[in-house]
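Here is the structure we will look at.
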């Protein structure tokens, strides 16, 4: 922003600069030059003073020289001709006995950025590479890179490149690092500086001489190196081990990055490196600099994607301190959600509860939605807090809570009872559109259990004329229709009014179209309407029971130690505003490349061909000999929703746990089996899911890998070719691991845990399989079991 | 390779203080682009990383200023942030303090620094030992150094100078001004700890972490070796072995590269040759553990009186040793939304309390709070339509304070020796202070 009267000030300066009295007094001269620079940095255009400043650089006063060079480098491109005058002074300075003057001249010469000056610069640069003083060599090396960028198309002088390579052995570490930087730029077309074995080992040996900036550059360049043998690899790793726990975050991060790229094929080593880096990363999270804290938090989120349990016991380090800015608090809460486990859930929820009334609305909302996320695994405790917050009767909190509850119910339908009783009275508090929409959705879905639902809707319907939001009207239509299906008597009249308004008076085509659709749908009969409107009540692609599946490190390693993780919410990008969950939640992905029914005969072949797995299967399959198995196909349709699954499972489970194991139930079969395998296939849940889908078994929920007890719930339909009778099979796989592990009482699905030996004598693991078949058909169950066994064996042999 | 394309310093109001283009990859108009992005966002701080076309802005805030680096490459955020922090520390060392005024007055010096620190966007050095050979400009001190400028935080000397107190501003002078002060050489050692504590509503200590560091600020013209002795009975690590008596425990600690640790394991002595200016010699942490009782306890009673006002009776107890005291204590008590006014009864006139509507909190300030004493206060807050549920909004109380002459871990500097002995009178100062990073008491 130029001063008022900037022109006048410039004229004044010019007069002073050309005043011979001032020129003869070094101190006054320097002060005038200082004023010029001050004006320049304040944004005044002082380019007119160029010729006067060129004269001012012929001085013995180093401070003045430096100041003039700052000026010249800034305006040289506007005055290429006058700049030629400077070059002579600069070239003379390059021969000055004082190394500081030499380096200053060389640096300024290359900073002028004038292609026309290249020919004058080359000679001093060449001399600079061999200068006695390291500070001159540092400047000269980078000077070649600057020169190269001035003439992008020009040919690269091989002798210079060779000289730069040889300067990698310069005694000054900064010269060495600058050589790497310069070569990297000059040889960009050829893929950068060559990183071969001798260079790598040379760089590694001199690593400790560099300061932290040099070290992180060297470590970054070394990522391109591929060791030739495993021995060499481990030598390098052990050399770098101390850098991995460096107190300087740049070194720690660069070393970890290098470790991960060197060990991409050694997951165990990568894992160990991540664990080793835990301490320094946590320290960076407590750093005095907020920005450093933030960077560390964002990178911790990356690490947690692969090792969810990495920091579980350190959850307190992620409690927000009260003066922290909102952007750090938000990240900390995201991390806290990831760290929840049975031991710390109470503490974490307690802490989050304190943030819900934060004066910063963003923080409060983030805390509420964090509680909702935790609710997916610990619904009772979370819902207690969320419903408690509704008691505050504050619009913003209530809105955030209702939205969170909607998202939670969509994933955990078992909460619906608690939720429906909490919804009463919310409508009086809610002010914003998103909160109201969420409430409407909930009333539509669970209206039969909320006694006041019709009256709430009626208030909204009466106010529909003044409603401006399109989304609200759409949501209102759908909710009223849904409520009409379960409470027709109370709702009929208001539905009529709403449809009438929307069709006759509403100006928006979307709303009108929707209303017409519903109107015609009602003409088709109530059953038809019900089929259309009462579809999914919960997320059909329900995946993980607790936490998220662990991703392979390769998924995020390329963005580690880059700006990427700081830019976006890398984990859980939940948009602030969204419509009904069924529109956005991941749609059930149809496996188009798989046939709906898969004959398991082929699989049988595979399995009988495989080694000892077959024998084991026969043992567990008991009575049946493989040959006698009927031809059975498995199929995924009709789909069983998670709540349906849960209902059937709990019903049976209650029956069986109450009495003696009763197989004699008329039309059901409840059985427990054990599958032995060499390694528990708690590989990545995606793999398991995909493998099961391949044979048409649907996994409906599973715990994350490496958690104990590890569980999978699954179902399938069997179809016998000979009798064309079909059965539904629900199943649970359970691996308890150590005997002292107990199933936590607050899981949604409680299953009695039989204590088992972890491993049998020959190192085999036992997985308990509990199956429920409806109607009973022992032979198809056996066939199913054999398929399941094969899948598990295949997976476990891959693991081992 | 990490390369910085441009570097600029902006005041909080967006004035251009310093602008330097290293690579000519983007014009100077990006400064305004940055500031527009900053002002367009609400919230207490814009994102650390922002992008404009293919240019990335990374910034830190230090001394109320924006320190911004732009880069076209995807560089290491850790390195850029650490560098910007280091740069601001260098500027503080050279200018004596860090403020808009100091930067404005010393712009020539800062340009000189920027020229030496970075070349073509690559970091050359940030060591003040190296830089002192190149930097020629003298700093202009924005605040004249005066012995009478005493502040409430005293600086106590090492054991040889028990009676002498130096003003806190003594440590805020430019490092190079020592030249004209007739070679007056001084060294300051600060042991600074930050405490973060959460106390549950039942008085149980839920979280107690201490992060500490030893900072050395050196104004000695010639480099000499410093030997610093820490508590002899200092244990590092998480081992379960616990001696009796007043052992000092640290869970993790790390040292500056230049520190020689030969005598550390046997005698707990650190040896180093400090560079001019400030450096962090040692960083340490103590997690989930406090050697003594937490310094403050709160006993709140919160109710609604017959007139529908919110009544908060707060009893705050300071559990420090009787001779110590906390200064600048401030308790922030969140109050329900819609609070209108406050009337208070405080136990002494030097305290004060006010309702800050913007933060929705009552802030109770106590300038000095001696150990072993207890203060109480009664706050009546007018909240129209106060319901009993609103009482739940009286959230966790946040305390901020400073404990001079105290370390939470008990870490102390036993002695500080310079060798070879300085020709002139070398003054050595050691000061201890514990800050509250976050001290939260749930109610």
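Here, each number is a calculation from the coordinates, and none is a lab measurement. Bear in mind the structure is a predicted one, so any value in this text is a computation, not a measurement. Cβ coordinates were reconstructed from backbone atoms using ideal geometry, including for glycine residues, and neighbour counts include every protein chain displayed.
Just want to confirm a number: the relative contact order over segment A:1-137, from Cα pairs under 8 angstrom separated by 6+ residues, in percent.
Reported relative contact order: 18 percent.
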Kirkwood Rh for segment A:253-349 from C-alpha pairs, in Å, is 14.0 Å
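Using a Förster distance of 51 Å, how high is the FRET efficiency between residue A:197 and residue B:293, based on the Cβ-Cβ distance and rounded to 0.05?
Numbers: r = 59 Å, r/R0 = 1.16.
The computed FRET efficiency comes out at 0.30.
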Contour excess over end-to-end distance, with Cα ends at residue B:201 and residue B:28 and 0.36 nm allotted per residue: 56.9 nm
Here, residue A:693 and residue A:34, labelled 7 Å along Cα→Cβ, have an inter-label distance in nm of 7.2 nm
Looking only at segment A:201-232, which residues have a backbone nitrogen under 14 Å from a spot 7 Å from the Cα of residue A:265 in the C-beta direction? A:226-232
Any chance you could run the full-extension gain for residue B:388 through residue B:418? It's 0.36 nm times the residue separation minus the Cα-Cα distance, nm to one decimal. 4.4 nm
Using a basic spin-label model with each label point 7 Å from the Cα along Cα→Cβ, how many nm lie between residue A:485 and residue B:323? 7.9 nm
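Can you check what the Kirkwood hydrodynamic radius comes to for segment A:1-90, Cα pairs only, in Å to one decimal?
For segment A:1-90, inverting the mean 1/r across all distinct Cα pairs yields 13.1 Å.
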Mind checking A:380-391 for the average number of partner chain beta-carbons within 10 Å of each residue's beta-carbon? 1
Two-site FRET efficiency, residue B:258 against residue B:356, from Cβ-Cβ distance with R₀ of 56 Å, rounded to 0.05: 0.80
Using Cβ counts within 10 Å as a stand-in for footprinting exposure, how do A:186, A:348 rank, fewest first? A:186, A:348
If I model segment B:296-404 as equal point scatterers sitting on the Cα atoms and use the Debye formula, what is log10 I(q)/I(0) at q = 0.14, 0.16, 0.23, 0.24 Å⁻¹? -0.53, -0.68, -1.25, -1.34
Over all Cα pairs of segment B:47-99, the Kirkwood radius sets Rh, and Rg/Rh then becomes 1.02
Per DSSP H run of n ≥ 4, the term is -39500 (n - 2.57); total these for chain B, divide by its residue number, and report the mean residue ellipticity at 222 nm rounded to 500 deg cm²/dmol. -3500 deg cm²/dmol
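Can you give me the relative contact order of segment B:6-131 as a percent, contacts being Cα pairs under 8 Å and 6 or more apart?
Averaging sequence separation for qualifying contacts and normalising by length gives 24 percent for segment B:6-131.
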Quick one: if you stick a label point 7 Å off each Cα along the C-beta vector at residue A:235 and residue B:236, how many nm between them? 3.0 nm
Alpha carbons only, please: Rg and Dmax for segment A:100-184, in angstrom. 11.7, 34
Exposure-ranked with fewest Cβ neighbours within 10 Å first, B:379, B:134 stand as B:134, B:379
How high is the relative contact order of segment B:296-404, in percent, with contacts defined as C-alpha pairs under 8 Å that are six or more residues apart? 40 percent
In what sequence do A:563, B:55 fall when counting other Cβ within 10 Å, fewest first? B:55, A:563
With a cut-off of 18 Å, note down the residues of segment A:440-476 whose backbone N falls inside the zone around a label point 7 Å from the Cα of residue A:493 toward its beta carbon. A:452-464
Gain in span if fully extended, residue A:467 to residue A:650, counting 0.36 nm per residue against the direct Cα distance: 61.5 nm
What FRET efficiency do you get for residue B:348 and residue A:343 if R0 is 45 Å and r is their Cβ-Cβ distance, rounded to the nearest 0.05? 0.50
By its C-alpha gyration tensor, with a ≥ b ≥ c as the square roots of the eigenvalues, how is segment B:6-131 shaped: rounded for a/c under 1.5, else prolate for a/b larger than b/c, else oblate? oblate
